[in-house]
Amino acid sequence: MRQPTFMLYGLLWTCLLWACGPSLPEEVAAAYEALPASLDFNQHVKLILSDKCYACHGPDEAKIKAGLQLHTAAAAYAELPESPGTYAIRPGKLRQSQAVQRLLATDPGEVMPPPESHLTLSPYEKAVLIKWIETGAVYQPHWAFIRPEQPPVPDIATPDWAVNPIDHFVAQRLEREGLRPSPAADKARLLRRVSLDLTGLPQPGKPGGLSGRSLRRGLRKTGRCLAGLAALRRADGDGLAGCGALCRHPRL
């Protein structure tokens, strides 16, 4: 297992950050150390920007403040029009990034988001934005337009628990959160969970009490439901109408 090595790297990164960038409040520093080794823009950063920053610095040109937009790399990296010679984000340069100074500020007149917005950044969110800028402030297109890549399967402390490579990634996250896997559920319980997820309704019968015939019937119904969802995903215009009763059936 490589978790101790990752923790050591995290401590080294934090030391370098303090040496080369602004000092971090204790709670932000702790959140920074707990972050994964690498951040993904779509997974970790974009949600924070859209929820806490885009109201004043997003794509809506009618609501832009200070001439700053953060929804594209070109706009975020550009010189601030109201403060020549300064930049909101300088990739890899925390001290030259006004965004870092503002999100760490304690003065109500300087901190971002401003108090009147009724928005605040948690220590975790501040740590994510700081690490993102420190590691290059890389933007990414929507995840649907990114070619999938097969990542290396991580080493875990419980390799016997994993049934397939996906389980390794699940176990890695559980280990990072200090959690342990739940015991494996029987097929009947799994079927009820799938039914609740897909339809909002439980599969008829008591957990653990479904017969083999009921299980097979439930699996077939689940397959039809998934097929309907796939049709919806690909449908547009007449495609939705062409889905027929399958997509509208309350039990599917």
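At a glance:
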{"quantity": "When residues of the range 155-181 are limited to those that are of a type in the set (A, V, I, L, M) and either surrounded by fewer than 11 Cβ atoms within 10 Å (Cβ to Cβ) or more than 18 Å from the chain's Cα centre (by Cα) (or both), the one farthest from Glu33 (Cα to Cα)", "calculated": "Val163"}
{"quantity": "Candidate set: the range 58-80, residues that are of a type in the set (Asp, Glu) and not in a loop (DSSP other than H, G, I, E, B); chosen: the one nearest to Gln96 (Cα to Cα)", "calculated": "Glu79"}
{"quantity": "The range 126-180: number of residues that are in contact (Cβ under 8 Å) with a residue 12 or more places away in the chain and outside any loop (DSSP other than H, G, I, E, B)", "calculated": "17"}
{"quantity": "Boolean, Gly92 is assigned by TED's automatic domain parsing to the domain that holds Ser23 and either in contact (Cβ under 8 Å) with a residue 40 or more places away in the chain or closer than 23 Å to Ala30 by Cβ (or both)", "calculated": "yes"}
{"quantity": "Any hit, the range 88-111, residues being at positive phi and at pLDDT below 95", "calculated": "no"}
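This table checks each residue for (1) at pLDDT 90 or above; (2) closer than 30 Å to Asp40 by Cβ; (3) of a type in the set (Asp, Glu); (4) assigned by TED's automatic domain parsing to the domain that holds His71.
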site	(1), (2), (3), (4)
Gly136	yes, yes, no, yes
Pro152	yes, yes, no, no
Val194	no, yes, no, no
Pro207	no, no, no, no
Arg216	no, no, no, no
Leu226	no, yes, no, no
Leu232	no, yes, no, no
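The values are calculated or read from the model by the stated rules, or taken from the named source; none is laboratory data. The structure displayed is predicted, hence computed values, not measured ones. Backbone-built Cβ (ideal geometry, glycine too); neighbour counts: all protein chains shown.
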